[in-house]
Amino acid sequence: MSRQGLIYIVSAPSGAGKTSLCKELLATFPELQMSISYTTRPIRSGEADGVDYHFVSTEIFKKMIEEKSFAEWAEVHGNYYGTSLAVLEQAQQDGHDVLLDIDCQGAAQLKKNLGNGVFIFILPPNLDE
């Protein structure tokens, strides 16, 4: 019987270094898979669809919300962001460990909706930041 994959959720306030930590974890543990979020925000220079994010229209994103396709989702600064529930479930079934770089709001939703992840909260160097 194969083992079920783990979901590692790294969350922190903006600027605390969670993205840098995730990059280091991926370099150190190549068996980890990074979760790629869905977003409605415009693609930026140097980004690639399906690599940095899955870029979709607001209409498609809202349809995915209605279909309960997300383990978590949020609207941030007028754009939507979300984590695919099906991708997380499939990775776990296949025995793959998944890493999520996610804000505190998303981590709280995942804790409520999944409950079985490994939640890592990074404090900023200075609590005033």
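Only the coordinates and a few stated rules stand behind these numbers; no lab work does. Values in this document were obtained by computation on a predicted structure and should not be read as measured data. Using ideal geometry, Cβ is built from the backbone for each residue, glycine included, and neighbour counts are taken over all protein chains shown.
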Inset, instruction - Pull out a ≥ b ≥ c, the square roots of the eigenvalues of the alpha-carbon gyration tensor of segment 85-129, then state rounded if a/c is under 1.5, prolate if not and a/b is larger than b/c, and oblate in the remaining case. - result: prolate
Legend entry - Spherically averaged projected area in nm², based on the convex hull that wraps the Cα atoms of segment 1-75: 7.1 nm²
Legend entry - the chain: calculated mean residue ellipticity at 222 nm from DSSP helix runs of at least 4, using -39500 (n - 2.57): -9000 deg cm²/dmol
Legend entry - Kirkwood Rh in Å, taken over the chain so that all alpha-carbon pairs contribute: 15.4 Å
Inset, instruction - Take R3, R41 and order them by how many other Cβ atoms sit within 10 Å, fewest up front. - result: R3, R41
Inset, instruction - Find which of W73, S20, V56 sits farthest along the positive direction of the dipole of segment 7-121, computed with +1 on the beta-carbon of Lys and Arg, -1 on that of Asp and Glu, about the Cα centre. - result: W73
Legend entry - Chain lengthening between N116 and L6 when straightened (0.36 nm per residue, less Cα-Cα): 38.8 nm
